[in-house]
Structure formats: C-alpha cells, structure tokens
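Structure first, commentary second.
The values are calculated or read from the model by the stated rules, or taken from the named source; none is laboratory data. As the structure is a computational prediction, the values presented were derived from the model and not from experiment. Here Cβ is always computed from backbone atoms with ideal geometry, including for glycine, and neighbour counts include all displayed protein chains. SASA here: full protein model, heavy atoms, side chains in, ligands and nucleic acids out. Shrake-Rupley method; radii C 1.70, N 1.55, O 1.52, S 1.80 Å.
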Amino acid sequence: MTGPAMGGDPLLSGFENPDDYGFETRAVRAGQPHDPRTGGVVTPIALSTTFAQDAVGEPKFGYEYARTGNPTRHAYEECLASLEGASHGFAFASGLAAEDALLRMLEPGDQVLLGDDAYGGTFRLISKVHGAAGIRHTAVDLTNPDAIRDSWTPETRMVWLETPTNPLLTVIDIDRVADVVHELGGTVVVDNTFATPYLQRPISLGADAVVHSATKYLGGHSDVVGGFVATSDNRIADHLGFVQNAVGAVPGPFDCYLVLRGMKTLAVRMDRHCSNASTIVEVLVEHPRVSHVLYPGLEGHPGHEIAGRQMDGFGGMVSFRLAGGREAAEKVAVSTEVFTLAESLGAVESLIEHPGVMTHASAAGSALEVPDDLIRISVGIESVEDLVADLERALATA
Ligand SMILES: *Cc1c(COP(=O)(O)O)cnc(C)c1O
C-alpha cells in the first residue's frame, strides 16, 4: 500500500492522517481499514451487540455495547466527518433523528430561526415536537441575513438553514449568515442534504454543525434511511455523543454499511447528477410549456453568484413551473417513463414529483406554501438523451 501506514488499532482507525488525501480518496478509504484477520478490503458488517472485555471495564478494542459504538458505524462516522472537514461525526437512524439530536441542545423558552422554505419534516419536528417541549421558532427569509437581526431576541440560540432549499432551490450565503449569527452569539446549523460535502462544505464556511439525510445522495441508491451530524465544536460533539447513546436512535450495522458503500461513489455520481441536470436545464429553459426554471446554475437565478462561490457544482435537483398551471404540472408528473413519479431524491434513478400535492402538501396555506404549477425533478445518472426525450414527451402532454 502506498501512503502512510495504517496506524494504531486496525479496528478503530483508517488512514492515520486522512487530511493528507483528496476527497475521492477519503470517500473510498477514510475510516475503512482492511479487515485485520483476512485483509478484506471492505469494512465488515459487524452484527455483534456486545464485545468481549479483557478485564472488568476494559473492552478489548474500545467497544462495549452496540448502541454506544459499533465498528461499521464507526467507519461510517469517521469517513463522513472527514468528507465534511469536521472533527466529529454521529450517525443516526434517519435525517430527522439526527436533527432531533441537535435540537435537544435547546432548553424550554429558547428560540430557533429557520429558513422560510425549510424541509417540511424539519418544520414539523421543530414546531410540533420541540414546540410542545417549549422551544419557539420563527421562519425568516435567510436570503437577507440582516433579517436575522430583526428577528433576534435574547432567547434566540440557533439558526437553521438549508441551501439550496427544497423545492425552490433558493441559495443562502452560509458565510454571511454565520458572521451575523456568531456576532449575535448563536449557533448555525446547515442541512447539507441537497449539496452533499462533495459540492459544499459548510463547516469551512463557518457553520457550527452540518446535518444530513443520508437517505438521499450519501446512500444514493434509494435503499437506506439514515441521518448524520458533523461538527468540529467539542461542546456540540459532547452533546451529540451523549444523546446518541442516551436516546439510541442509531442506525443498524447494515444501514451503516449501505451509506459507507454509497459514499465511495459519491464524487462520480455527483459529477453525473450535475452534468445531466445542466443539460436538462438547457432544454427546459427553451421549452414553450415551461414558464420558469429554478436552478442555481442559471445566470438569472438570484443565488447564482453565491452558489458559484460556495459550491463546487450546482447539483442534481431542478424545479420548474408550467405555463399551463396546476393541471399541466400534474399531467407532466404522470407522463414520464424514465423519471419515476415518487417522493425522495438523490439516488441513481431519476424521480419526478409535484411538491404542492406530494412532499409539501402540509405547507398549504402557510408561509412555506409552494406554487401549484411547480414540478421538482431529482436528476439521476441515466443516459441524458433518455432523460431529455422522456421530459420532452411528457411536456408535450401539458
Ligand atoms: C429527506 C430530508 C430530510 C429528512 O431526512 P429523513 O432521512 O427522511 O429523516 C431532512 N432534510 C432534507 C433537506 C431532506 O431532503
């Protein structure tokens, strides 16, 4: 093997210094030592719930009980923390379980400011679950970071942002938000699900914690539900380690393995998601049945310049509005063959959905309501000619 020797306990660490390597190398190797007994190059799915101890209270390899720590989960946590440029990573059973763990830092009476088009499940978790525990929230237009000052109260502790957002693909300037929030003494959380660490590393832009729905691009194959928090803040890390063990919303070893496997190809998948999306956007922009195309890669997109600065690519999510209104949007959504009509996003297969009726129905009538002529597509990695032809056929019905 070239590069530094694998150091320390082979079960506990991967590369001695993962930071010496590029993103793609870390995605394949960080936290993933060869199997010390067999030389196997793939991290084993460790099913043991308990681990032998050499003496009372002295576990052989640092593992005691699998809720607290599991070797497959450990490999996944090291790998994704490294990809996010974070010193700590914590895996959870779903994106929402990861968010819940972070939100448990708040105390009754505390306030969270969240972007006014946050993921619906995040909004529900903050407003209904943590709201019932006394946490208050206010939705803010984070495209204007000065709006944070206007909404700030002595009880405000945290600003929760997504960029790009779902499904309107609004871009938020992480660096500017972090400057304002840190000046006011708060914590910045970035949901990096849409961009992934391949395209955007919020911690390097000032975020205190990064959350993921690993169900999307990290897993990448629509076959695992998972969540993650990465942070370089020791206080947040201590809290997360405590909650992960004390609450126990942890992923099973097979789920950890699936995300670990997905992340190995994250870079090549994202390159294809981005290039396929950009080809499709060129077609949609010219299409007479399409009234607006929402994609940060478009020069006319209000967040284009910020996205160009803080992202290494514009991503695989595209939304567009139909000139023919809601009826036309519903026709397009049911007329594709390569794009599957389904919720979720971020996997190898292309998906299409109507957010107003599907993923964002619960936002109807609220500040988070989306236009009813809107279609969202998650562009997969299939042959781009097939994707374009499929959309053109479906648009002809609108
Ligand atoms: C899906 C999603 C979540 C929730 O994650 P789950 O894994 O479904 O719990 C959170 N944020 C964003 C942006 C998402 O797309």
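General observations
- Taking the centroid of alpha carbons for each part, the stretch 177-244 and the stretch 33-97 are 20 Å apart.
- Share of carbon and sulfur in the accessible heavy-atom surface of the chain [1.4 Å probe, %]: 52
- On a per residue basis, the stretch 268-395 carries 43 Å² of accessible surface, using protein heavy atoms and a 1.4 Å probe.
- Distance between the C-alpha centres of the stretch 113-138 and the stretch 268-347: 27 Å, rounded to the whole angstrom.
- Take the Cβ atoms of Ala389 and Asp312, set R0 to 30 Å, and the FRET efficiency comes out at 0.55.
- Sparse packing (at most 15 other Cβ atoms within 10 Å of the Cβ) combined with a DSSP loop state is found for the following GluC sites (Glu not before Pro) in the stretch 357-398: Glu369.
- Listed by chain and number, the lysines placed with their C-alpha closer than 30 angstrom to that of Lys216 are Lys128, Lys264, Lys331; residues fewer than eight positions away on the same chain are left out.
- Sparse-neighbour loop sites [GluC sites (Glu not before Pro); the stretch 220-307; at most 11 other C-beta within 10 Å; DSSP]: Glu299
- If you sort Asp173, Asp141 by accessible surface, 1.4 Å probe, largest first, the order is Asp141, Asp173.
- The stretch 95-222 shape via C-alpha gyration tensor axes, a/c threshold 1.5: oblate
- Note on Phe242 and Ala132: with the Förster distance fixed at 22 Å, the Cβ-Cβ geometry gives a FRET efficiency of about 0.50.
- The listed residues His273, His292, once ranked by accessible area (1.4 Å probe) with the largest placed first, stand as His292, His273.
- Spin-label proximity, Val348 to the stretch 215-230 - amide N less than 19 Å from point 7 Å beyond Cα toward beta carbon: 215-226
- Antiparallel bridges, percent of DSSP beta bridges restricted to the chain (to nearest 5): 55
- Global form of the stretch 160-209, assessed from the alpha-carbon gyration tensor, a/c cut-off 1.5: prolate
- For the pair Thr68 and Ala55 in one chain, pulling the backbone fully straight at 0.36 nm per residue adds 2.8 nm over the alpha carbon distance.
- For the stretch 10-264, accessible area per residue (1.4 Å probe, heavy atoms of protein chains only), Å²: 40
- Value at 222 nm in deg cm²/dmol, rounded to 500, when DSSP H runs of n ≥ 4 in the chain each add -39,500 (n - 2.57): -10000 deg cm²/dmol
- Net charge, Ser278 excluded, C-beta distance under 14 Å - Lys, Arg +1, Asp, Glu -1: -4
- Each label point was placed 7 Å from the Cα along the Cα-to-Cβ direction; for Asp271 and Leu47 their separation is 3.7 nm.
- Spatially proximal aspartates and glutamates relative to Lys60 (Cα-Cα < 14 Å; intrachain offsets below 8 disregarded): Asp9
- Full-stretch length increase - Ser204, Ala147 - with 0.36 nm per residue and alpha-carbon distance subtracted: 18.2 nm
- Across the chain the C-alpha pair distances fall into 20 Å bins from zero in the proportions 28, 55, 16, 1 percent.
- Accessible heavy-atom area order of Asp110, Asp271, highest first, probe of 1.4 Å: Asp271, Asp110
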